[in-house]
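**Student:** Pasting a structure below so you can have a look.
The values are calculated or read from the model by the stated rules, or taken from the named source; none is laboratory data. Since this is a predicted model, take the numbers as computed values, not measurements. With ideal geometry, Cβ positions are generated from the backbone for all residues, glycine too; neighbour counts draw on all protein chains shown. The area values use the complete protein model at the heavy-atom level, side chains included, leaving out ligands, DNA and RNA. Shrake-Rupley method; radii C 1.70, N 1.55, O 1.52, S 1.80 Å.
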Amino acid sequence: VCYDIQGSSGPQLASQMDRLGPYDSDGNKTWAVASLQFVISGGTCYSDGTVDLSDVVVSLQSTITMPCWRPPPATSPTEISKFDGFMYLIARHELRHVEIAWQWARILEKQLKDANTCDQATLNAVYNQVWSNEEAAQDAFHASPEGQIIPYP
């Protein structure tokens, strides 16, 4: 998903991103964000109390929101190149968040199958623990050298 920004210089573009950028899951304004949600399907709970979760599937719904810029005709090629490089780094950063979430979606799927129960409290506990671990992995990425905030301009 894009939000449109306008300007012909780095400071103008940064100001637009500050003003128009999305909010992250903590309610902080940011320039780009990956929104992530696990979607669980499959599994059967029978009336006799038996369970078959062998076909449970956990998929991931993800949306990456980033700035879109169409340089005005007189914009310097250097500024365009600098912004393109910045966008490449943002895209890589946000895609890494999606990759981390997919890793945890696979873990959640396995743990739900292994639990093989329809007890809602147990399933909720599994889900909440995996989601908490996924968030910790995302935080660890942000704390790593490759997950640091990308400066611009």
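**Student:** Rounded to the nearest 5, what % of the DSSP beta bridges within the chain are antiparallel ones?
**Tutor:** 75
**Student:** In deg cm²/dmol and to the nearest 500, what is the mean residue ellipticity at 222 nm of the chain if only DSSP H runs of at least 4 residues count, each as -39500 (n - 2.57), divided by the residue total?
**Tutor:** Computed ellipticity for the chain at 222 nm equals -17000 deg cm²/dmol.
**Student:** Angle between the Cα long axis of helix 77-115 and the longest principal axis of the chain, 0 to 90 degrees, nearest 10?
**Tutor:** Once rounded, the angle reads 0 degrees.
**Student:** While we're on this one: Take the alpha carbon atoms of the stretch 74-153, find their center, do the same for the stretch 1-68, and report the distance between the two centers in whole angstrom.
**Tutor:** The stretch 74-153 and the stretch 1-68 have Cα centres spaced 9 Å from each other.
**Student:** Please work out the average accessible area per residue across the stretch 53-140, using the 1.4 Å probe convention, and give it in Å².
**Tutor:** Accessible surface, normalised per residue, equals 56 Å².
**Student:** Then there's this: Mind checking which aspartates and glutamates have their Cα closer than 14 Å to the Cα of K113? Skip sequence neighbours fewer than 8 apart in that chain.
**Tutor:** List returned: D52, D55.
**Student:** Okay, next question. Which of rounded, prolate, oblate describes the chain, given a ≥ b ≥ c as roots of the alpha-carbon gyration tensor eigenvalues and a/c under 1.5 marking rounded, otherwise prolate only if a/b is larger than b/c?
**Tutor:** In terms of gyration-tensor shape, prolate.
**Student:** Where the accessible area of the chain is counted over protein heavy atoms with a 1.4 Å probe, how much of it, in %, is carbon and sulfur?
**Tutor:** Using a 1.4 Å probe with all protein chains present, the chain comes out at 53 percent carbon and sulfur.
**Student:** Leaving out same-chain residues fewer than 8 places away, which lysines sit with a Cα under 29 Å from that of K29?
**Tutor:** Those lysines meeting the cut-off are K82.
**Student:** Related question: Could you tell me the relative contact order of the stretch 3-153? Use alpha-carbon pairs under 8 Å, at least six residues apart, and round to a whole percent.
**Tutor:** 25
**Student:** What order do you get for 5-12, 49-56 when each peptide is scored by the mean count of other beta carbon atoms within 10 Å, highest first?
**Tutor:** 5-12, 49-56
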